[in-house]
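I have placed the structure first, in the form of structure tokens, so that the comments after it can refer back to it.
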Amino acid sequence: MKILLLGGGGREHAFAWKISQSPLCKKLYIAPGNAGTATCGENVALDIEDNGALHNFIVAHAIGMVVVGPEAPLVNGVWNYLHKMPGTSHVAVIGPSMQGARLEGSKSYAKRFMAEFGIPAASYREFVAAKPDDAVNYIRKKARVPIVLKADGLAAGKGVVICQDKETAVAELQDMLGGKFGEASRKVVIEEFLSGIEFSVFVLTDGESYKILPVAKDYKRIGERDTGPNTGGMGAVSPPPFVNEVMMKKVEERIIRPTIRGLKKRGIEYQGFIFIGLISVDGEPFVIEYNVRMGDPETEVVLPRLKNDLVELFIAVKERRLAGVTIETDERAAATIILASGGYPGGYPKGKTITGLGTAGDSIVFHAGTKNSGGKLLTNGGRVLAVTSLGKTFRDAIAISNKNAAAIEFEGKYFRGDIGFDL
Ligand code: AMP
Ligand code: GLY
């Protein structure tokens, strides 16, 4: 089968690495990809949010499967478009329909979904730009600090703001409703603050049945000991040792099953990944957010621990045979450390020469923001490389990644040396 993978980050290099190991994959294209994915298949310059361009490419190259890395094409309806268009209605699209993608694309939709299906989450209220006074009154009179404000729509990972006092929250709320994140924040969800430790659960569903993939924990803050601004993720560990069988039983019964049931009840076409961002509050799991894709950098620790042929799993998803599949997991732990460009998550330079990859032989180095130019490997993004290692324990894995993170060089390189500090 010929496969088209959408995206160009570390997650997509991990997907490309895993897909290209499958004898079922005859040819892999990655749009737009990066210097790492180019070693697993052929990069193609396609606008992944242009459904018409994707359709033309899929028809012209007889693509049988599309694997969607990031959320934007899903929210943009790639599933629906390919499904209804002649020549692509048979193509397996790994990712939900536009309706399913609302679980990530609209916080308000996700909150209502969870309330309807009894899924544990922070209590909330929602407010719209047309009635800002309602929201201000709510914050001044009812809300308890810290106050969690969430832009309803996609805001490039910046749409959640946690305010420590009411007046800061009022000012932030007015900015949001006033269009700080464009249309995405014309509606705002105000949530109860939950205190606990976070982890990520990944579910693959064919719409009927589901399988749980290895659990992970990511590190979102730029600074060591979880300080400074949020990033896309600076490292990850799988499995997080505090997520035991008792916890996973609660997650499956209280969260995963009702989620799948809810999707079916609403008649939502969903054949793809569900990423459930969870927080354990005194041992009880609550949903922080849904994403309709895999996490980045979590994929860089989840896929190296997955022993199954990924393409075989995707075909089972397409044919709704997932119930008959057994997920096989490598018992070793995995860790990944992100090498970022100096300045990230703010502004940063690009085009810095990367050296020392050859010495990282006991790690798998996934590329995130890289490109080849004139025979050189150059930085091309905020997150540049993900250095993944496997070890008997997560501490062994982290030690190997730390050693190799130190040996790889580019000007301005930054990484957190404390991944796993809280475990
Ligand atoms: P999100 O963009 O939804 O992933 O939220 C970003 C981060 O904000 C999460 O990873 C949490 O650390 C934090 N967060 C979101 N909602 C809450 C909440 N209700 N209570 C505490 N922290 C939260
Ligand atoms: N690592 C978090 C995310 O992918 O959203």
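If you go through the range 73-82, how many residues are outside any loop (DSSP other than H, G, I, E, B), touching a residue at least 24 places away in the same chain (Cβ under 8 Å) and either farther than 15 Å from residue 275 by Cβ or among the hydroxyl-bearing types (Ser, Thr, Tyr) (or both)?
Just the residues of the range 73-82 that are outside any loop (DSSP other than H, G, I, E, B), to begin with: 73-75, 78-82.
Narrowing further to those that are touching a residue at least 24 places away in the same chain (Cβ under 8 Å): 73-75, 78-79, 81-82.
Applying the additional criterion that residues be either farther than 15 Å from residue 275 by Cβ or among the hydroxyl-bearing types (Ser, Thr, Tyr) (or both) yields 73, 78-79, 81-82.
Number of matching residues: 5.
Specify the residue that is farthest from residue 413 (Cα to Cα); the eligible residues are those in the range 193-227 that are of a type in the set (Lys, Arg) and within 16 Å of ligand 1 (Cβ to nearest atom). Reasoning before the result, please.
So the first thing to find is which residues in the range 193-227 are of a type in the set (Lys, Arg), and the list is 211, 217, 220-221, 225.
Cutting the leftovers down to within 16 Å of ligand 1 (Cβ to nearest atom) gives us 217, 220-221, 225.
Numbers: 217: 23, 220: 17, 221: 16, 225: 19 Å.
Among them, the one singled out is 217.
For residue 210, the stated conditions do not hold, so it cannot be described as at pLDDT 95 or above, within 16 Å of ligand 2 (Cβ to nearest atom) and either farther than 23 Å from residue 306 by Cβ or not acidic (Asp, Glu) (or both). For the range 1-21, filtered to residues that are assigned to a helix (DSSP H, G or I) and touching a Cys at 6+ places or on another chain (Cβ under 7 Å), the residue that is surrounded by the most Cβ atoms within 10 Å (Cβ to Cβ) is 16. Screening residue 184 against (1) within 15 Å of ligand 1 (Cβ to nearest atom); (2) surrounded by fewer than 18 Cβ atoms within 10 Å (Cβ to Cβ); (3) of a type in the set (A, V, I, L, M) leaves a single unmet condition, (2). In the range 34-45, the residues that are part of a loop (DSSP other than H, G, I, E, B) reach residues that are of a type in the set (D, E, K, R) with C-beta atoms within less than 8 angstrom, at least six apart or across chains, in these pairs: 34/12; 34/371; 35/371; 41/27.
Flag: residue 173 matches the condition of being of a type in the set (A, V, I, L, M) and more than 14 Å from ligand 1 (Cβ to nearest atom). Cβ separations smaller than 6 Å between residues 6+ apart or across chains give the following pairs from the range 83-98 residues that are among the polar types (S, T, N, Q) to residues that are surrounded by 15 or more Cβ atoms within 10 Å (Cβ to Cβ) and not in a loop (DSSP other than H, G, I, E, B): 88/55; 88/58; 88/82; 89/83; 97/79; 97/80.
Within the range 136-158, the residues that satisfy the criterion of being among the charged types (D, E, K, R) and outside any strand (DSSP E or B) are 140, 141, 142, 144, 152, 158. Taken together, 162, 190 contain a single residue that is among the aliphatic types (A, V, I, L, M), assigned to a strand (DSSP E or B) and at pLDDT below 95, which is 162.
Within the range 66-83, does at least one residue satisfy the condition of being out of contact with any strand residue (DSSP E or B) (no Cβ under 8 Å at 6 or more places or on another chain) and surrounded by fewer than 16 Cβ atoms within 10 Å (Cβ to Cβ)? First the steps, then the outcome.
If we filter the range 66-83 for residues that are out of contact with any strand residue (DSSP E or B) (no Cβ under 8 Å at 6 or more places or on another chain), which is where we start, we get 72, 75-77, 80-81.
Restricting the remaining residues to those that are surrounded by fewer than 16 Cβ atoms within 10 Å (Cβ to Cβ) gives none.
Checked against the condition, which is being out of contact with any strand residue (DSSP E or B) (no Cβ under 8 Å at 6 or more places or on another chain) and surrounded by fewer than 16 Cβ atoms within 10 Å (Cβ to Cβ), the range 66-83 yields no hits at all.
Residues in the range 234-292 that are among the hydroxyl-bearing types (Ser, Thr, Tyr), under 24 Å from residue 74 (Cβ atoms) and not in a loop (DSSP other than H, G, I, E, B): 3 in all. Looking only at the range 326-353, residues that are within 28 Å of residue 216 (Cα to Cα) and either touching a Lys or Arg at 6+ places or on another chain (Cβ under 8 Å) or outside any loop (DSSP other than H, G, I, E, B) (or both) come to 16 in all.
So if I check each of 158, 107, which one is within 12 Å of ligand 1 (Cβ to nearest atom) and either buried (at least 18 other Cβ atoms within 10 Å of the Cβ) or on the phi > 0 side of the Ramachandran plot (or both)? Before you say what the answer is, go through the steps one by one.
On the way: 158 fails: either buried (at least 18 other Cβ atoms within 10 Å of the Cβ) or on the phi > 0 side of the Ramachandran plot (or both).
After applying the criteria, what remains is 107.
The numbered conditions (1) touching a residue at least 60 places away in the same chain (Cβ under 8 Å); (2) within 16 Å of ligand 2 (Cβ to nearest atom); (3) of a type in the set (A, V, I, L, M, F, W, C) are all true for residue 184 except (1).
Candidates are the residues of the range 6-64 that are of a type in the set (Gly, Ala, Ser) and touching a Phe, Trp or Tyr at 6+ places or on another chain (Cβ under 7 Å); the one that is nearest to residue 338 (Cα to Cα) is 10.
Looking only at the range 228-241, residues that are within 13 Å of ligand 1 (Cβ to nearest atom) and among the hydroxyl-bearing types (Ser, Thr, Tyr) come to 1 in all.
The values are calculated or read from the model by the stated rules, or taken from the named source; none is laboratory data. As the structure is a prediction and not an experimental result, all values here were calculated from the model. Every residue, glycine as well, gets a Cβ built from its backbone with ideal geometry; the counts of neighbours run over all protein chains shown.
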